[in-house]
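Here's the structure we're looking at; comments come further down.
The values are calculated or read from the model by the stated rules, or taken from the named source; none is laboratory data. Here the structure is a predicted model, which is why all the values come from computation and not from measurement. We place every Cβ from the backbone using ideal geometry, glycine too, and count neighbours over all the protein chains shown. Keep in mind that these areas ignore ligands, DNA and RNA; they rest on the heavy atoms of the full protein, side chains included. Shrake-Rupley method; radii C 1.70, N 1.55, O 1.52, S 1.80 Å.
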Amino acid sequence: MGQVAWKALFLSLFDYKTEKYVIAKNKKVGVLYRVVQLSILAYLVGWVFVVKKGYQDTDTSLQSSVITKLKGVAFTNTSELGERLWDVADYVIPPQGESVFFVMTNLIVTPNQRQSTCPESASIPDALCEKDTDCLEGEAVVAGNGVKTGRCLKDRGSTRGTCEILAWCPVEKRSKPKKPLLGSAENFTVYIKNSIRFPKFKFSKMNVLATDNESYLKTCRYSQEHPYCPIFVLGNIVRWAGGDFQEMASEGGVIGIQIEWNCDLDKAPSECNPHYSFSRLDNKSAETSISSGYNFRFAKYYRDVEGVDYRTLIKAYGIRFDVMVNGKAGKFNIIPTIINISSGLALMGAGAFFCDLVLLYLIKKSNFYRGKKYEEVKSSSRKSLSSPTLNGNQSPDQLGGL
């Protein structure tokens, strides 16, 4: 029996299977088949070609450049700086205007710092001491401003003090103004010039209106009615991002400006327009209130008549703006069109296969339909081919021409 079975298996490799078409008069399966066909057709036409534009070749390698310029002045009167006028050279960092720029809105100023010895700030835990041995000479204060000298400085009648340090003295004050000193920056404007290029299609465009009117950019402001006027009011940007400018100006924050170019190059170039969106990027919540905001320090250095260096330390709070550009372009191409049509035809075949499974295995009369669809024919049996019936009651013509 083993040899017979192996021989039958070997000979079955040379069997040839040909399709046999059977018309099944079953309305349920017929309705299912048409529903599957219509669903695949709707997906192919509606989603692939209309929504996703599957007939187009796309380019996502967007090349972009961003140039920013701010305008606006502010006036302050503080005990550290006196009366002072602030312009773009003072509150914009970096000054050359890149895709990421910072606008200073609040600050702590520590003027006339010189390198000498002084008490460390009492708000720093590592600087607290009770005796000189608590201030190891030459050891840097953790999260502090200088290096310990070995002395513990105390006020009269106090049992605790702070370590003396070698640093830029006096050390920085820890309190900042309750109201932002440069709160008027809410009315400042920023010019965002964005040039883009899709290299595959050699298509270039800019977000500035092509006009000979030199006063246009001096008077216009961005709005839905003026999408090609890239002059934005800072207060509007923060509001569109869901924030309050005066609140953010006090502690600082980060705003994202998204410029999106989605261009259908089968249409006129005027139909390729920039779309702006704004969001707050720093995570401001109750859980992160300790580390919320945005600030950093910088100093301006001077030299007195005796040749000794001194500086003014500024802890700057403000809003950082990140300009991000992305997009894609599409244009008709015969290759993706053919590929998507072929995929749709393949799905049609898969639909027919699914209906076959239902017909042959899932309905009550599945055994009957299987007997009509599958038939074994041996070429050595000439009598069976010439007989008037096959399978008891069907002629070869009725079977669809084997």
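Restricting to the stretch 25-81, name every residue that is open to solvent by less than 90 Å² (accessible area, probe 1.4 Å) and of a type in the set (S, T, Y).
Correct list: Y33, S39, Y55, T58, S61, S64, S65, T68, T76, T78.
Per-residue answers, yes or no, for (1) in contact with a Lys or Arg (Cβ under 9 Å, 6 or more places away or on another chain); (2) under 12 Å from F278 (Cβ atoms):
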{"position": "K218", "(1), (2)": "no, no"}
{"position": "C229", "(1), (2)": "yes, no"}
{"position": "R239", "(1), (2)": "no, yes"}
{"position": "G243", "(1), (2)": "yes, yes"}
{"position": "M248", "(1), (2)": "yes, no"}
{"position": "G253", "(1), (2)": "yes, no"}
{"position": "Q258", "(1), (2)": "no, yes"}
{"position": "N262", "(1), (2)": "yes, no"}
{"position": "A268", "(1), (2)": "no, no"}
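Can you say whether G307 is surrounded by 15 or more Cβ atoms within 10 Å (Cβ to Cβ), of a type in the set (G, A, S) and either at pLDDT below 95 or in contact with a Lys or Arg (Cβ under 7 Å, 6 or more places away or on another chain) (or both), as far as the supplied structure shows?
Numbers: surrounded by 15 or more Cβ atoms within 10 Å (Cβ to Cβ): no; of a type in the set (G, A, S): yes; either at pLDDT below 95 or in contact with a Lys or Arg (Cβ under 7 Å, 6 or more places away or on another chain) (or both): yes.
No, not satisfied.
R84 - would you say it is open to solvent by less than 80 Å² (accessible area, probe 1.4 Å), out of contact with any Asp or Glu (no Cβ under 8 Å at 6 or more places or on another chain) and of a type in the set (K, R)?
Here the answer is yes, as R84 does meet what is asked.
In the stretch 160-173, is there at least one residue being closer than 30 Å to T105 by Cα, assigned to a loop (DSSP other than H, G, I, E, B), open to solvent by 70 Å² or more (accessible area, probe 1.4 Å) and at pLDDT below 90?
The answer is yes, given that some residue of the stretch 160-173 is closer than 30 Å to T105 by Cα, assigned to a loop (DSSP other than H, G, I, E, B), open to solvent by 70 Å² or more (accessible area, probe 1.4 Å) and at pLDDT below 90.
Counting only residues that are under 30 Å from I67 (Cα atoms) and without any contact (Cβ under 8 Å) to a residue 40 or more places away in the chain, how many does the stretch 319-366 have?
Qualifying residue count for the region: 0.
Quick grid of which residues meet (1) part of a loop (DSSP other than H, G, I, E, B); (2) in contact (Cβ under 8 Å) with a residue 60 or more places away in the chain:
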residue	(1), (2)
L11	no, no
E19	yes, no
K25	yes, no
G30	no, no
K53	yes, yes
D57	no, yes
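Go through the stretch 331-353 and give me each residue that's open to solvent by 100 Å² or more (accessible area, probe 1.4 Å) and either touching a Cys at 6+ places or on another chain (Cβ under 8 Å) or closer than 14 Å to Y33 by Cα (or both).
Passing the criteria: only F353.
Among what's in the stretch 162-200 and is of a type outside the set (D, E, K, R) and within 24 Å of the chain's Cα centre (by Cα), pick the residue that is nearest to A329 (Cα to Cα).
Selected residue: F198.
A42: free of Cβ contacts under 8 Å to residues at least 12 places away in the same chain, in a helix (DSSP H, G or I), farther than 20 Å from G344 by Cα and among the hydrophobic types (A, V, I, L, M, F, W, C), yes or no?
No.
Just name the residue that is nearest to P180 (Cα to Cα) out of those in the stretch 55-114 that are over 28 Å from the mean Cα position of the chain (by Cα) and of a type in the set (K, R).
Checked the stretch 55-114; the qualifying residue nearest to P180 (Cα to Cα) is R84.
Out of S184, S195, report the one residue that is touching a residue at least 40 places away in the same chain (Cβ under 8 Å) and assigned to a strand (DSSP E or B).
Numbers: S184 fails: assigned to a strand (DSSP E or B).
Within the list S184, S195, the selection yields S195.
What is the one condition in (1) open to solvent by 60 Å² or more (accessible area, probe 1.4 Å); (2) in contact with a strand residue (DSSP E or B) (Cβ under 6 Å, 6 or more places away or on another chain); (3) touching a residue at least 12 places away in the same chain (Cβ under 8 Å) that S204 does not satisfy?
Against the list (1) open to solvent by 60 Å² or more (accessible area, probe 1.4 Å); (2) in contact with a strand residue (DSSP E or B) (Cβ under 6 Å, 6 or more places away or on another chain); (3) touching a residue at least 12 places away in the same chain (Cβ under 8 Å), S204 comes up short only on (3).
Out of the residues in the stretch 302-356 meeting the condition of being of a type in the set (S, T, Y) and touching a Phe, Trp or Tyr at 6+ places or on another chain (Cβ under 8 Å), tell me which one is nearest to Y191 (Cα to Cα).
Looking at the filtered set, the residue picked out is Y317.
Conditions (1) assigned by the TED database to the domain that holds N77; (2) part of a loop (DSSP other than H, G, I, E, B), marked per residue:
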residue: V103; (1), (2): yes, no
residue: V109; (1), (2): yes, no
residue: Q113; (1), (2): yes, no
residue: T133; (1), (2): no, no
residue: L136; (1), (2): no, yes
residue: T149; (1), (2): no, no
residue: R156; (1), (2): no, yes
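If T133 meets every condition in (1) among the polar types (S, T, N, Q); (2) open to solvent by 80 Å² or more (accessible area, probe 1.4 Å); (3) under 30 Å from D264 (Cα atoms) apart from one, which number is that one?
(3)
Taking Y222, is it open to solvent by less than 40 Å² (accessible area, probe 1.4 Å), touching a strand residue (DSSP E or B) at 6+ places or on another chain (Cβ under 7 Å) and free of Cβ contacts under 8 Å to residues at least 60 places away in the same chain?
It is true that Y222 is open to solvent by less than 40 Å² (accessible area, probe 1.4 Å), touching a strand residue (DSSP E or B) at 6+ places or on another chain (Cβ under 7 Å) and free of Cβ contacts under 8 Å to residues at least 60 places away in the same chain.
Would you point out which residue out of E214, E260 is among the charged types (D, E, K, R), assigned to a strand (DSSP E or B) and either modelled with pLDDT under 95 or more than 23 Å from A74 (Cα to Cα) (or both)?
E260
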